[in-house]
1. Which one is surrounded by the most Cβ atoms within 10 Å (Cβ to Cβ) among residues in segment 104-119 that are out of contact with any Ser or Thr (no Cβ under 7 Å at 6 or more places or on another chain) and farther than 13 Å from Phe57 by Cα?
2. Quick one: in segment 130-148, which of the residues that are in a strand (DSSP E or B) and over 15 Å from the mean Cα position of the chain (by Cα) is surrounded by the most Cβ atoms within 10 Å (Cβ to Cβ)?
3. Working only within segment 69-83, note down all residues that are of a type in the set (Gly, Ala, Ser) and in a helix (DSSP H, G or I).
4. Test Val95 against the stated conditions and say whether it is crowded, with 18+ Cβ neighbours inside 10 Å and outside any strand (DSSP E or B).
5. Just one of the numbered conditions (1) at pLDDT below 95; (2) surrounded by 15 or more Cβ atoms within 10 Å (Cβ to Cβ) is not true of Thr8; which one?
6. Going through Thr153, Thr128 one at a time, which residue ends up being touching a Leu at 6+ places or on another chain (Cβ under 6 Å) and of a type in the set (Val, Ile, Thr)?
7. How about segment 36-46: which of its residues are surrounded by fewer than 16 Cβ atoms within 10 Å (Cβ to Cβ) and of a type in the set (Val, Ile, Thr)?
Amino acid sequence: MLRKILLTLGVTLALAAPALADTYTVDRAHSEAAFQVRHILTKVRGTFRDFAGTINFDKTKPESSSVEFVIKVTSIDTGTQKRDDHLRSPDFFDVATHPEIVFKSTKVVPKGNNKFDVVGDFTMHGVTKQVTLPVTFLGEQKFMNGSKAGFETALTINRSDYGLVWNRAVDGGGVLVGEEVEISINIEANLQVPKPATN
(Lines give C-alpha, C1' and ligand atoms only; values in the text may rest on other atoms or scores of the structure.)
Protein backbone atom coordinates (compact mmCIF):
# COMPACT_ATOMS: atom_id res chain seq x y z
CA MET A 1 0.00 0.00 0.00
CA LEU A 2 2.81 2.41 0.93
CA ARG A 3 4.62 1.55 -2.31
CA LYS A 4 1.49 2.35 -4.31
CA ILE A 5 1.09 5.71 -2.54
CA LEU A 6 4.73 6.63 -3.17
CA LEU A 7 4.44 5.62 -6.83
CA THR A 8 1.31 7.74 -7.25
CA LEU A 9 3.00 10.68 -5.54
CA GLY A 10 6.04 10.34 -7.79
CA VAL A 11 3.92 10.35 -10.95
CA THR A 12 1.95 13.37 -9.69
CA LEU A 13 5.14 15.33 -8.95
CA ALA A 14 6.61 14.43 -12.34
CA LEU A 15 3.49 15.67 -14.13
CA ALA A 16 3.42 18.84 -12.06
CA ALA A 17 7.11 19.66 -12.55
CA PRO A 18 7.82 22.33 -15.17
CA ALA A 19 9.50 21.24 -18.39
CA LEU A 20 13.20 21.97 -18.46
CA ALA A 21 14.78 23.88 -21.31
CA ASP A 22 16.92 21.95 -23.77
CA THR A 23 20.49 23.16 -23.84
CA TYR A 24 22.22 23.47 -27.20
CA THR A 25 25.79 24.45 -27.97
CA VAL A 26 26.76 26.08 -31.25
CA ASP A 27 28.37 23.77 -33.80
CA ARG A 28 30.96 26.19 -35.17
CA ALA A 29 31.85 24.00 -38.15
CA HIS A 30 28.28 24.25 -39.45
CA SER A 31 27.44 27.82 -38.38
CA GLU A 32 28.37 31.29 -39.60
CA ALA A 33 28.79 34.75 -38.07
CA ALA A 34 29.02 37.15 -41.00
CA PHE A 35 28.80 40.87 -41.73
CA GLN A 36 28.93 43.28 -44.63
CA VAL A 37 29.61 46.99 -44.86
CA ARG A 38 29.76 49.46 -47.72
CA HIS A 39 33.20 50.30 -49.13
CA ILE A 40 32.88 53.43 -51.32
CA LEU A 41 30.26 52.05 -53.74
CA THR A 42 30.06 48.30 -53.17
CA LYS A 43 29.86 46.12 -50.06
CA VAL A 44 32.62 44.07 -48.49
CA ARG A 45 31.64 40.85 -46.74
CA GLY A 46 33.49 39.24 -43.88
CA THR A 47 33.11 36.51 -41.28
CA PHE A 48 34.39 35.65 -37.83
CA ARG A 49 35.96 32.20 -37.72
CA ASP A 50 36.02 31.70 -33.95
CA PHE A 51 32.82 31.91 -31.90
CA ALA A 52 30.83 29.92 -29.36
CA GLY A 53 27.38 30.01 -27.88
CA THR A 54 24.82 28.34 -25.65
CA ILE A 55 21.08 28.31 -26.25
CA ASN A 56 18.65 27.24 -23.53
CA PHE A 57 15.45 26.65 -25.48
CA ASP A 58 12.20 25.81 -23.71
CA LYS A 59 9.73 24.87 -26.45
CA THR A 60 6.76 24.76 -24.06
CA LYS A 61 7.61 28.09 -22.44
CA PRO A 62 9.85 29.93 -24.93
CA GLU A 63 9.80 33.16 -22.92
CA SER A 64 11.96 31.30 -20.38
CA SER A 65 14.64 30.62 -23.01
CA SER A 66 18.03 32.32 -23.07
CA VAL A 67 21.01 32.82 -25.36
CA GLU A 68 24.65 33.73 -24.94
CA PHE A 69 26.96 34.15 -27.94
CA VAL A 70 30.64 35.14 -27.93
CA ILE A 71 32.80 36.07 -30.94
CA LYS A 72 36.61 36.22 -30.84
CA VAL A 73 37.27 39.41 -32.79
CA THR A 74 40.81 38.47 -33.79
CA SER A 75 39.30 35.74 -36.00
CA ILE A 76 37.89 38.34 -38.42
CA ASP A 77 38.32 37.31 -42.05
CA THR A 78 37.47 39.47 -45.06
CA GLY A 79 39.74 37.58 -47.43
CA THR A 80 42.47 40.26 -47.42
CA GLN A 81 45.23 40.06 -44.81
CA LYS A 82 46.11 43.76 -44.91
CA ARG A 83 42.49 44.78 -44.37
CA ASP A 84 42.01 42.22 -41.58
CA ASP A 85 45.11 43.53 -39.78
CA HIS A 86 43.73 47.07 -40.04
CA LEU A 87 40.36 45.94 -38.63
CA ARG A 88 42.16 44.34 -35.66
CA SER A 89 44.10 47.54 -34.98
CA PRO A 90 43.14 50.45 -32.67
CA ASP A 91 41.63 52.22 -35.70
CA PHE A 92 38.76 49.72 -35.54
CA PHE A 93 38.20 46.82 -33.13
CA ASP A 94 41.41 47.18 -31.10
CA VAL A 95 41.47 43.46 -30.34
CA ALA A 96 44.25 43.79 -27.76
CA THR A 97 41.88 45.80 -25.55
CA HIS A 98 38.49 44.45 -26.69
CA PRO A 99 39.01 40.83 -27.75
CA GLU A 100 35.35 39.74 -27.76
CA ILE A 101 31.93 40.66 -29.09
CA VAL A 102 29.26 39.36 -26.72
CA PHE A 103 25.49 39.04 -26.87
CA LYS A 104 23.61 37.95 -23.74
CA SER A 105 19.83 37.78 -23.79
CA THR A 106 17.62 39.36 -21.14
CA LYS A 107 14.20 38.56 -22.59
CA VAL A 108 12.62 36.31 -25.24
CA VAL A 109 9.30 37.30 -26.81
CA PRO A 110 7.46 34.67 -28.92
CA LYS A 111 6.05 36.15 -32.15
CA GLY A 112 4.42 33.04 -33.62
CA ASN A 113 5.41 30.76 -36.53
CA ASN A 114 8.73 29.83 -34.85
CA LYS A 115 9.81 33.46 -34.69
CA PHE A 116 11.07 35.25 -31.57
CA ASP A 117 12.29 38.68 -30.58
CA VAL A 118 15.37 38.04 -28.47
CA VAL A 119 16.23 41.15 -26.45
CA GLY A 120 19.65 41.42 -24.88
CA ASP A 121 22.89 43.25 -24.20
CA PHE A 122 25.23 43.52 -27.19
CA THR A 123 28.79 44.46 -26.28
CA MET A 124 31.35 45.48 -28.89
CA HIS A 125 34.50 47.60 -28.61
CA GLY A 126 33.81 48.11 -24.91
CA VAL A 127 30.32 49.56 -25.50
CA THR A 128 27.14 47.79 -24.42
CA LYS A 129 23.74 48.55 -25.90
CA GLN A 130 20.40 46.78 -25.79
CA VAL A 131 19.36 45.28 -29.12
CA THR A 132 16.52 43.09 -30.33
CA LEU A 133 17.39 40.13 -32.53
CA PRO A 134 14.59 38.75 -34.75
CA VAL A 135 15.31 35.02 -34.44
CA THR A 136 13.78 32.23 -36.49
CA PHE A 137 13.81 28.66 -35.19
CA LEU A 138 14.52 26.52 -38.26
CA GLY A 139 13.55 23.20 -36.73
CA GLU A 140 15.14 20.19 -35.15
CA GLN A 141 16.64 17.03 -36.60
CA LYS A 142 17.35 13.84 -34.70
CA PHE A 143 20.32 11.62 -35.50
CA MET A 144 21.54 8.32 -34.10
CA ASN A 145 24.17 10.14 -32.06
CA GLY A 146 22.06 13.11 -30.98
CA SER A 147 19.86 16.00 -32.10
CA LYS A 148 20.53 19.31 -33.83
CA ALA A 149 18.53 22.53 -34.01
CA GLY A 150 18.79 25.47 -36.38
CA PHE A 151 18.42 29.21 -35.72
CA GLU A 152 19.02 32.33 -37.79
CA THR A 153 18.98 36.08 -37.21
CA ALA A 154 20.04 39.31 -38.88
CA LEU A 155 20.60 42.80 -37.53
CA THR A 156 21.84 46.17 -38.80
CA ILE A 157 23.84 48.38 -36.45
CA ASN A 158 25.60 51.73 -36.74
CA ARG A 159 29.27 51.11 -36.00
CA SER A 160 29.81 54.64 -34.69
CA ASP A 161 27.40 53.83 -31.83
CA TYR A 162 30.11 51.47 -30.59
CA GLY A 163 33.03 53.85 -31.00
CA LEU A 164 34.14 52.43 -34.37
CA VAL A 165 34.48 55.81 -36.02
CA TRP A 166 37.58 55.58 -38.24
CA ASN A 167 37.00 56.78 -41.78
CA ARG A 168 38.66 58.60 -44.65
CA ALA A 169 37.31 61.03 -47.22
CA VAL A 170 37.56 59.99 -50.87
CA ASP A 171 38.13 62.15 -53.93
CA GLY A 172 34.89 63.49 -55.34
CA GLY A 173 33.07 63.37 -52.00
CA GLY A 174 31.92 60.67 -49.66
CA VAL A 175 33.89 58.42 -47.33
CA LEU A 176 35.73 55.14 -47.59
CA VAL A 177 33.65 53.03 -45.17
CA GLY A 178 29.90 53.07 -44.51
CA GLU A 179 28.39 53.53 -41.07
CA GLU A 180 25.80 50.74 -41.22
CA VAL A 181 26.96 47.17 -40.68
CA GLU A 182 24.67 44.30 -41.64
CA ILE A 183 25.16 41.29 -39.39
CA SER A 184 23.82 37.80 -40.09
CA ILE A 185 24.17 34.75 -37.88
CA ASN A 186 23.19 31.23 -38.90
CA ILE A 187 23.46 28.57 -36.25
CA GLU A 188 23.39 24.81 -36.21
CA ALA A 189 23.50 23.69 -32.59
CA ASN A 190 23.95 20.36 -30.85
CA LEU A 191 21.62 19.21 -28.10
CA GLN A 192 23.51 18.54 -24.89
CA VAL A 193 22.36 15.38 -23.13
CA PRO A 194 22.62 15.64 -19.33
CA LYS A 195 25.01 13.13 -17.79
CA PRO A 196 23.29 10.58 -15.55
CA ALA A 197 23.61 11.26 -11.86
CA THR A 198 26.09 9.11 -9.99
CA ASN A 199 25.75 7.96 -6.41
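1. Among those that are out of contact with any Ser or Thr (no Cβ under 7 Å at 6 or more places or on another chain) and farther than 13 Å from Phe57 by Cα, it is Lys104.
2. Filtering segment 130-148 down to residues in a strand (DSSP E or B) leaves 130-143, 146-148.
So of that shortlist, the ones also over 15 Å from the mean Cα position of the chain (by Cα) come out as 139-143, 146-148.
Details: Gly139: 10, Glu140: 15, Gln141: 11, Lys142: 9, Phe143: 9, Gly146: 11, Ser147: 15, Lys148: 18.
Ranking the candidates gives Lys148 first.
3. Narrowing segment 69-83 to residues of a type in the set (Gly, Ala, Ser): 75, 79.
Residue satisfying the conditions is Ser75 alone.
4. Working: crowded, with 18+ Cβ neighbours inside 10 Å: yes; outside any strand (DSSP E or B): yes.
Here the answer is yes, as Val95 does meet what is asked.
5. (2)
6. Details: Thr128 fails: touching a Leu at 6+ places or on another chain (Cβ under 6 Å).
Criteria check complete, one pass: Thr153.
7. As a first pass, look at segment 36-46 and keep what is surrounded by fewer than 16 Cβ atoms within 10 Å (Cβ to Cβ): 39-43, 45.
Within segment 36-46, Ile40, Thr42 meet the criteria.
The values are calculated or read from the model by the stated rules, or taken from the named source; none is laboratory data. Keep in mind the model is a prediction, meaning the values are calculated, not measured. Cβ sites come from the backbone with ideal geometry, for glycine too, and all protein chains shown count toward neighbours.
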